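Working notes, structure below.
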Amino acid sequence: MSKVITPQEQDYSKWYNDIVVEADLADHSAVRGCMVIKPHGYAIWEKMQQALDKMFKDTGHVNAYFPLFIPKSLFEAEEKNAEGFAKECAVVTHYRLKSDPQNKGKLIVDPEARLEEELIVRPTSEAIIWNTYKGWIQSYRDLPLLINQWANVVRWEMRTRLFLRTAEFLWQEGHTAHATKEEALIETKQMLDVYAHFAEKFMAVPVIKGVKTANERFAGADDTYCIEALMQDGKALQAGTSHFLGQNFAKAFDVKFANKEGKLDYVWATSWGVSTRLMGALIMSHSDNHGLVIPPKLAPTQVIIVPIYKGEEGLQKISVYAGELKKRLQEKNISVKFDSRDSLRPGFKFAEHELKGIPVRIGIGERDLENGTLEIARRDTLSKASIKMEEAETYIEKLLEEIQTNLYNKAAERMKNMTTKVDTYQEFKKVLDEKSGFVLAHWDGTSETEEKIKEETKATIRCIPLNNPEERGVCIYSGKPSTQRVLFARAY
RNA sequence: CGGGGUGUAGCGUAGCCCGGUAUCGCGCCACAUUUGGGAUGUGGAGGUCGUCAGUUCGAAUCUGGCCACCCCGACCA
């Protein structure tokens, strides 16, 4: 706790890492590329899960669970998808260990115990799910099938970063089956809207909704929709994706249904997901050099009460006062904790709760007892105010909303300021290097141009924004005609 | 996966070049005094020096393999 966080402007990655570790969100584990999500980090993830899960249920989805392992033959059924993930799959080849005859006390893989068919540790579950759906769907009456699962997946990444990219991560994956293309498309966009709503209303992170280009599309999808967020260092982060899978998986797994006319047709599919990567987005959107900043709607603890006292008697008196306050706040559904730890001084506690991002801190000392007041400190602005004890609930309730709004507004303002329209390649490179952020520019629509720009500048097309205004122009790279601007950025 | 770097108490480090079992700070435990922004004093505990092997009378120190982490590139949510 004594360690101070590396300032953002000194070293942004180090700052990020410090926040994750020092705010007790997660830690590196003994397993390469895998992290331990610590209680404080997991509590935030649970808040995210609760909010998202409710939105999924409200839109008619149900949860289920599918296996971690996918037989190789199933995995390779949808070729494009399989190819897309092949390079990063963990594979189970054996089912037993035995004592090492050469080395007492050690174990070796039993060569006798080779699996007849290798099992792939899921990097995503389309294969096993569509193989299962085949047995569940016969008629249009079985549709739509709207299922989500909360699970872990494994993608063997070369280079990992806590929350942003780890070999194993937690996520939810929705997999739906529909009778018509239109319905599947509506579902795809509906879930994109759910994600955007969640990001903006709960995470206080503004996002751009858009469609991916062919290069960036999910392997096996006809179209990939996404929400893109902008971090404080000007790099983009894909925060969620929703895929229109067409009939690709239905064909690969032979999932047909009888329509009202009795004719057989392949079903239409979608899949959509967000992961613990959202934790990274949350951190890099709001936090500062003092530590984590959590928007009230995702804060496991919204209010922390810190007593400032002299002697045991002093603590007793304040505890009674604080206990009453705590009860009143809890009645308003505000999550609140009383930090009565005896061995730490108030200043230390202030710093610690700041580091952990608790939105509101209430200080109560002798003076407050005498005057019937409370000292309120807000995490987002680091400002303090003194209020009357009587108005505590109404004040705090309003303050939490205000903090939530303020965080969103600040992030939205930043995104606006960091989004630049450019019309020449010179300008494009200059903005990327000197200002960074989102860059709106004309593009000729070809993968070749996209590749070239990526090679030369490391910027990728994050998306073609939805509801993009038509605008005549010429591609900044090739000079060919273009009808709309697309969103470029360097990305995580 | 390629190039570079690092690994010594829970954390951060000195020692390594020039071999002789380890320094300092924070934290931890006990007691006392403290408590409105990271307390102070006194006493105390804590180490197979990342790991495995080699060289040597003797290895934190020299050599090699492995592992992990960090930075840069390729890949990706």
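Structural remarks
- Any hit, region A:123-136, residues being closer than 30 Å to residue A:261 by Cα and among the polar types (S, T, N, Q): yes
- Considering A:47, A:72, A:87, A:54, the condition of being open to solvent by 90 Å² or more (accessible area, probe 1.4 Å), away from RNA strand B (no atom under 14 Å from the Cβ) and either in the same structural domain as residue A:127 (by TED's automatic domain parsing) or not basic (Lys, Arg) (or both) is satisfied by A:54 alone.
- Where residue A:10 falls short, out of the listed (1) polar (S, T, N, Q); (2) away from RNA strand B (no atom under 12 Å from the Cβ); (3) open to solvent by less than 70 Å² (accessible area, probe 1.4 Å); (4) without any contact (Cβ under 8 Å) to a residue 24 or more places away in the chain: (3)
- Flag if residue A:194 is in contact with a strand residue (DSSP E or B) (Cβ under 7 Å, 6 or more places away or on another chain) and either open to solvent by less than 10 Å² (accessible area, probe 1.4 Å) or not charged (D, E, K, R) (or both): no
- Filtered residues of region A:98-138 (kept if touching an Asp or Glu at 6+ places or on another chain (Cβ under 9 Å) and either acidic (Asp, Glu) or open to solvent by 100 Å² or more (accessible area, probe 1.4 Å) (or both)): A:106, A:107, A:126, A:136
Residues are listed down the side, and each one gets a yes or a no for (1) of a type in the set (D, E, K, R); (2) at positive phi; (3) within 18 Å of the chain's Cα centre (by Cα); (4) not assigned by TED's automatic domain parsing to the domain that holds residue A:89:
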| site | (1), (2), (3), (4) |
| --- | --- |
| A:130 | no, no, no, no |
| A:135 | no, no, no, no |
| A:138 | no, no, no, no |
| A:142 | yes, no, no, no |
| A:154 | no, no, yes, no |
| A:157 | yes, no, yes, no |
| A:165 | yes, no, yes, no |
| A:169 | no, no, yes, no |
| A:174 | no, no, yes, no |
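- Qualifying residue in region A:278-297 (condition: more than 30 Å from residue A:349 (Cα to Cα), away from RNA strand B (no atom under 13 Å from the Cβ) and buried (at least 24 other Cβ atoms within 10 Å of the Cβ)): no
- Criterion violated by residue A:342 - all others in (1) within 12 Å of RNA strand B (Cβ to nearest atom); (2) in a loop (DSSP other than H, G, I, E, B); (3) buried (at least 18 other Cβ atoms within 10 Å of the Cβ) satisfied: (3)
- Residues in region A:220-233 that are touching a strand residue (DSSP E or B) at 6+ places or on another chain (Cβ under 8 Å) and either open to solvent by less than 10 Å² (accessible area, probe 1.4 Å) or of a type outside the set (D, E, K, R) (or both): A:220, A:221, A:224, A:225, A:226, A:227, A:228, A:229, A:230, A:231.
- Taking first residues from region A:471-492 that are without any contact (Cβ under 8 Å) to a residue 12 or more places away in the chain and farther than 19 Å from residue A:460 by Cβ and partners that are away from RNA strand B (no atom under 16 Å from the Cβ) and open to solvent by 60 Å² or more (accessible area, probe 1.4 Å), the Cβ contacts under 7 Å between residues at least 6 apart in sequence or on separate chains come to A:472/A:483.
The values are calculated or read from the model by the stated rules, or taken from the named source; none is laboratory data. Since the structure is predicted, the reported quantities are computational estimates derived from the model, not experimental observations. Ideal geometry is used to build each Cβ from the backbone, glycine not excepted, and the neighbour counts take in all protein chains shown. Ligands, DNA and RNA are excluded from the accessible area calculation, which covers all protein heavy atoms including side chains. Shrake-Rupley method; radii C 1.70, N 1.55, O 1.52, S 1.80 Å.
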